[in-house]
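Here is the structure we will look at.
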Amino acid sequence: MLGAWLLLWGSVALGGRADTAFLRRAHDSSGHCTYSFTVASPVEAACPEAAGGVPELRAELAALAARLSRLESRERAVGGSGPRGAEPGAARDPQQVAAASRLEAAERSQMCPAAVGGGTGLLPNASACLRAAARHGAPRGRQEQAGGEGGWLSPAHAVPDPAAAPRWEPQPLSYQELQSERTEVPVSRLLEETALGRPGKEDSAGCGQLVWVGEPVVFGRADSIAGKYGVWMKDPEPVPPFTRDNTWRVDTVGTEVRQLFQYEEAEQLARGYPAKVHILPRPLESTGAVIYRGGLFFQPRQSRSVARYDLRGETITAEREIPGAGYHGQYPYSWGGYTDIDLAVDETGLWVIYSTEKARGAIVLSKLDPETLEIRRTWETNIRKRGVANSFLICGTLYTVSSYSAPNATINFAYDTATGSSRALSIPFENRFRYLSMLDYNPAERRLFAWDSFNMVTYPVRLSRA
């Protein structure tokens, strides 16, 4: 994920020519690096020239000079400390000092608000006040409806009010502040768009063909040798009290594999603390189990049968033999592990993947009734089961993986049950930990769940219409 943010502040002149420009870099309160780029506003850039060339400004400056003279005269009369104050050491009446201070503050607040609070006495001279005022813009004219509601006339066209006291105030539109923020975009999304082109081809709601598999994301890791290979899963169609957040895991190393670990969510699995442990009435074999519609479907050890374990009643509610299916090492995937019978779930329901002597080791597919485990229909492919590392189904199409250990493997074959035809593919698939022992598709999350050498991972996938 791209986690960096850039905050750029720019101040640009709204008109006229800027004489100076400043660039400053600093950290704001949130720790972001902030760049401030400032150029003089048209008012500020014109200030030095306007002092002698604009009648309105000459009048303003004359009035300001007169006020300064009066204020300094009053301060001298009371023994002030200004630039023309009394001689050092002269006695000062406390009441006079207080009165002078109040008068000084009042005058300064009218003539030069920018300088109020900037020192302990009167401004040293008129030019200092002018410099402070110039930093905040020219005298503000009357508010006019120019260029839209609430607009302001430019200082050159402002109409002065002779009866009003001169006031130096900030010009509200002297600068225009620009701000832009970069939005965080997940890297996986960028990879998808790069690999597939325009996102309009994606079939995000219904079924489609597999066209892309993303990088694996690790959710948890087994902490003992019993977890070198195993199976973990979520129910795409759960029944109460279970939800899609419930996560299930079986460590399949051993001869008496009976423990089914239940987690409230995947994050709990990552921490390694199950909410419950189910003890299966019969030990299961290999990594072909799936969770579907409130049941665990698995192959009992050393049998060609498939059984359903009800998660609520904690009993086996159905069991059926798969006619002619090889078992216990007759027709496994290329990595071994007694993976002769592999169960799978997709958008269309429950499947069993296996081979028979009649099929001469080619993959055979059968669609199962999830309640009775009765075989509804069977397909025989031309894909040799021992020649692929694993397989899964999406939208009624079988997909196989070329290698369980090569880091840069591929999804190499697809068999479409709708047409009864197969085709070669070359979709990149990463075996990050070099020992892929389980791979299943979850249609609710549209992800592949996998077990790769102690690691429980998922792969994002993308489907597209033909």
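When the range 441-454 is filtered for residues that are over 12 Å from K234 (Cα atoms) and open to solvent by 10 Å² or more (accessible area, probe 1.4 Å), the ones remaining, listed by number, are S453, F454. Here the condition is being of a type in the set (V, I, T), open to solvent by less than 10 Å² (accessible area, probe 1.4 Å) and touching a residue at least 60 places away in the same chain (Cβ under 8 Å); of I363, I394, it holds for I394 alone.
Here is the figure for the range 321-342: residues that are of a type in the set (D, E, K, R), surrounded by fewer than 17 Cβ atoms within 10 Å (Cβ to Cβ) and either touching a residue at least 24 places away in the same chain (Cβ under 8 Å) or touching a His at 6+ places or on another chain (Cβ under 7 Å) (or both) total 0.
Does S437 satisfy the criteria of being touching an Asp or Glu at 6+ places or on another chain (Cβ under 9 Å), more than 19 Å from M233 (Cα to Cα) and buried (at least 17 other Cβ atoms within 10 Å of the Cβ)?
In short, no.
Is it true that R376 is assigned to a loop (DSSP other than H, G, I, E, B), basic (K, R) and over 24 Å from Y435 (Cβ atoms)? Show your work before the answer.
Details: assigned to a loop (DSSP other than H, G, I, E, B): no; basic (K, R): yes; over 24 Å from Y435 (Cβ atoms): yes.
Spelling it out, it is not the case that R376 is assigned to a loop (DSSP other than H, G, I, E, B), basic (K, R) and over 24 Å from Y435 (Cβ atoms).
Condition test on T372, is it in contact (Cβ under 8 Å) with a residue 24 or more places away in the chain and buried (at least 19 other Cβ atoms within 10 Å of the Cβ)?
The answer is no for T372.
Of the residues making up the range 231-277, just one is on the phi > 0 side of the Ramachandran plot and touching a residue at least 40 places away in the same chain (Cβ under 8 Å), namely G272. Count of the range 237-265 residues, restricted to those that are closer than 16 Å to F454 by Cα, in contact with a Gly (Cβ under 8 Å, 6 or more places away or on another chain) and not acidic (D, E), is 4. Return yes or no: is A466 at pLDDT below 95 and open to solvent by 20 Å² or more (accessible area, probe 1.4 Å)? The answer is yes for A466.
Within the range 410-430, identify whether any single residue is within 16 Å of Y331 (Cα to Cα), touching a Pro at 6+ places or on another chain (Cβ under 9 Å) and in contact (Cβ under 8 Å) with a residue 12 or more places away in the chain, and answer yes or no.
Here is the first cut: in the range 410-430, the residues within 16 Å of Y331 (Cα to Cα) are none.
No, the range 410-430 has no match at all.
Quick check on my filter: what residues within the range 283-303 are in a loop (DSSP other than H, G, I, E, B), of a type outside the set (A, V, I, L, M, F, W, C) and touching a residue at least 40 places away in the same chain (Cβ under 8 Å)?
Step one: list which residues in the range 283-303 are in a loop (DSSP other than H, G, I, E, B), which gives 285-289, 293-294, 299, 301-303.
Pick out the ones that are also of a type outside the set (A, V, I, L, M, F, W, C) and you get 285-288, 293-294, 299, 301-303.
Correct list: E285, S286, T287, G288, R293, G294, Q299, R301.
Taking the range 212-238 as the range and being crowded, with 18+ Cβ neighbours inside 10 Å, among the charged types (D, E, K, R) and assigned to a strand (DSSP E or B) as the test, only K234 passes.
The numbered conditions (1) in contact (Cβ under 8 Å) with a residue 60 or more places away in the chain; (2) under 20 Å from A318 (Cβ atoms); (3) open to solvent by 50 Å² or more (accessible area, probe 1.4 Å) are all true for Q209 except (2). Is there a residue in the range 326-337 that is at pLDDT below 95 and hydroxyl-bearing (S, T, Y)? No, because not a single residue in the range 326-337 is at pLDDT below 95 and hydroxyl-bearing (S, T, Y).
The values are calculated or read from the model by the stated rules, or taken from the named source; none is laboratory data. Model, not experiment: these values are computed from the prediction. Counting neighbours? That spans all protein chains shown, and the Cβs are built from the backbone with ideal geometry, glycine included. The area values use the complete protein model at the heavy-atom level, side chains included, leaving out ligands, DNA and RNA. Shrake-Rupley method; radii C 1.70, N 1.55, O 1.52, S 1.80 Å.
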